[in-house]
1. Show the residue pairs meeting these rules: Cβ distance below 7 Å; 6+ apart or different chains; first residue within the range 122-135 and in the same structural domain as V90 (by TED's automatic domain parsing); second residue in a helix (DSSP H, G or I).
2. Please enumerate the residues belonging to the range 5-52 that are exposed (fewer than 11 other Cβ atoms within 10 Å of the Cβ), at pLDDT below 70 and assigned to a helix (DSSP H, G or I).
3. List the pairs whose first member sits in the range 61-83 and is in contact (Cβ under 8 Å) with a residue 60 or more places away in the chain, whose second member is assigned to a loop (DSSP other than H, G, I, E, B) and surrounded by fewer than 17 Cβ atoms within 10 Å (Cβ to Cβ), and whose Cβ atoms are under 9 Å apart, counting only residues at least 6 apart or on separate chains?
4. Tell me which residues, restricted to the range 131-162, are closer than 17 Å to V74 by Cα and more than 24 Å from the chain's Cα centre (by Cα).
5. State all residues of the range 105-162 that are outside any helix (DSSP H, G or I), among the hydrophobic types (A, V, I, L, M, F, W, C) and more than 30 Å from G82 (Cα to Cα); if no residue qualifies, say none.
6. Working carefully through the options L75, L139, find the one that is at negative phi, at pLDDT 90 or above and out of contact with any Gly (no Cβ under 8 Å at 6 or more places or on another chain).
Amino acid sequence: MTRRWWLPYVVWALFVGAVVLFAQPGFSYCTDLHPRLCLNALVADAATPWDAGQGLIVVLVLATGFTVIAAWRVLGHIAGVGFAAWALMVNSVMLFYGRVEGCPGPLGVTVDQCRAAHGLPPETAWDRFMNGPSPLIFLLLAGWLAIVAADAWWRRRQRGGL
């Protein structure tokens, strides 16, 4: 292993951090300000409460990148490309797949109130699991395991079954 094995991980974390910084709602306003005022505005925005869903997305993107980097380094370039391609496919579906509640009404209407208004039973743990990102995360992990298994099979075949 090289002396700077940590460098791709730090670069990926800095890249994700920059994307999170530029995606903040106050950043477009910030570009018209003096750099010192812009920094103060971004620090003030960072102190506001974060949405748990956005935090989950940031953690998921960081973990996916770290896994792809590790696969690239440990399993080889072909498996790394396979990991990256599978992650892009599944994560793009995860980005555009979401549950939109069709329950108009005042703010603060819960999912259970909405379901009761439509005559549906209360949401169960299985419903929350299936309607969230969990099936796609499972699909991502299953695909990665399949890539690892295929890579191991290919390497064994290349060595002549040894």
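The values are calculated or read from the model by the stated rules, or taken from the named source; none is laboratory data. Owing to the predicted nature of the structure, the values given are computational and were not obtained by experimental measurement. Here the Cβ positions follow ideal geometry from the backbone for every residue, glycine too, while neighbour counts run over all protein chains shown.
1. These pairs meet every condition: P122/D112; P122/R115; E123/V111; E123/D112; E123/R115; P133/M94.
2. Selection gives S28, A52.
3. Close Cβ pairs (under 9 Å, with a partner that is assigned to a loop (DSSP other than H, G, I, E, B) and surrounded by fewer than 17 Cβ atoms within 10 Å (Cβ to Cβ)) amount to R73/M1; R73/W5.
4. Across the range 131-162, the qualifying residues are A150, D151, A152, W153, W154, R155, R156.
5. L107, V109, L120
6. Matching residue, one of L75, L139: L139.
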